[in-house]
Amino acid sequence: MARDTERPLRADAQRNRDKILVAAVRVFTEEGLDAHFERIAREAGVGTGTLYRNFPNREVLIEAAYRNEVARLCDAVPGLLATMPPREALRDWMGRFIDYATAKLGMAEALRAVVASGGDPYAHSRDLIQAAISRLMAAGTEAGVLRTDIRPTDMFAALAGIALTSAKPDQRDQAERLLDLTLDGLRPAPPQLPEK
């Protein structure tokens, strides 16, 4: 996307861009590839000219919306760790991961179209998510509230498994239970008492 190499946007233009990306995820999730730019603009509270100025075609918008979801997920980590104990921060982030997975599932058809057109919306997303998990787990192990023998890649696999089985909106209660179960499994083992 050309936007990454251009000068920074004015604050109001950035707000409009952010609103468009959030609306795009919602609309593509609901309507798939049939989503109309006019509805996305209306949901974002901007004109269609503003939408097209930022995103000249459907593939650019879909890719940007997906990447924005990944960035929102990963960028939440420092704030969570600054305002919550590490275990609570991890659990909050795990819920956000399911939100991200739900949006990704809803946008699956649109994302496949981007890939078919030669785009790669997934470039670097796994690395970014893995880095976020690593930071959260490092804070938890350092605080002594998480096991030290579980790798961030193990945690990513567990979250991906929960997302595969429970990321639909009507499965959220199950997803929350599975997240709690996963977090309980990360508790450090109590110290072993010496045998008499």
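The values are calculated or read from the model by the stated rules, or taken from the named source; none is laboratory data. The structure presented is a predicted model; accordingly, all values stated were derived computationally and were not measured. For neighbour counting, all protein chains shown are included, and Cβ atoms are generated from backbone atoms with ideal geometry for every residue, glycine included.
Out of everything in the stretch 152-190 that is of a type in the set (D, E, K, R) and over 20 Å from the mean Cα position of the chain (by Cα), what residue ends up being farthest from Pro86 (Cα to Cα)?
The extreme case among them is Asp184.
Scanning for something within 25 Å of Ala108 (Cα to Cα), in the same structural domain as Thr102 (by TED's automatic domain parsing), without any contact (Cβ under 8 Å) to a residue 12 or more places away in the chain and surrounded by fewer than 19 Cβ atoms within 10 Å (Cβ to Cβ), does the stretch 135-149 turn up at least one residue?
no
Look through Glu63, Glu69, Glu59 and report the one residue that is within 19 Å of Ala167 (Cβ to Cβ) and charged (D, E, K, R).
Exactly one residue qualifies, and that residue is Glu69.
Grab the helices (runs of 4 or more DSSP H) fully contained in the stretch 1-108, keeping just those with 1 or more residues being among the acidic types (Asp, Glu) and within 19 Å of the chain's Cα centre (by Cα).
11-31, 58-83, 86-106
Kindly evaluate Gly161 against the criterion of being at positive phi and either loosely packed, with under 12 Cβ neighbours inside 10 Å or free of Cβ contacts under 8 Å to residues at least 24 places away in the same chain (or both).
no
Could you say which residue among Ala113, Ala76 is surrounded by fewer than 20 Cβ atoms within 10 Å (Cβ to Cβ), out of contact with any strand residue (DSSP E or B) (no Cβ under 7 Å at 6 or more places or on another chain) and under 24 Å from Phe37 (Cβ atoms)?
That would be Ala113, the only listed residue that is surrounded by fewer than 20 Cβ atoms within 10 Å (Cβ to Cβ), out of contact with any strand residue (DSSP E or B) (no Cβ under 7 Å at 6 or more places or on another chain) and under 24 Å from Phe37 (Cβ atoms).
Would you check which residues across the stretch 112-155 are of a type in the set (Asp, Glu), within 30 Å of Asn57 (Cβ to Cβ) and outside any helix (DSSP H, G or I) and list them?
Passing the criteria: only Asp120.
Residues Arg91, Arg15, Arg39, Arg67: which one is assigned by TED's automatic domain parsing to the domain that holds Thr102, basic (Lys, Arg) and out of contact with any Leu (no Cβ under 6 Å at 6 or more places or on another chain)?
From the options Arg91, Arg15, Arg39, Arg67, the qualifying one is Arg67.
Being loosely packed, with under 14 Cβ neighbours inside 10 Å and modelled with pLDDT under 95 is the filter here; which residues of the stretch 79-108 pass it?
Within the stretch 79-108, just Ala108 meets the criteria.
Looking only at the stretch 168-179, filter to residues that are surrounded by 13 or more Cβ atoms within 10 Å (Cβ to Cβ) and charged (D, E, K, R); which one of those is modelled with the highest pLDDT?
The extreme case among them is Glu176.
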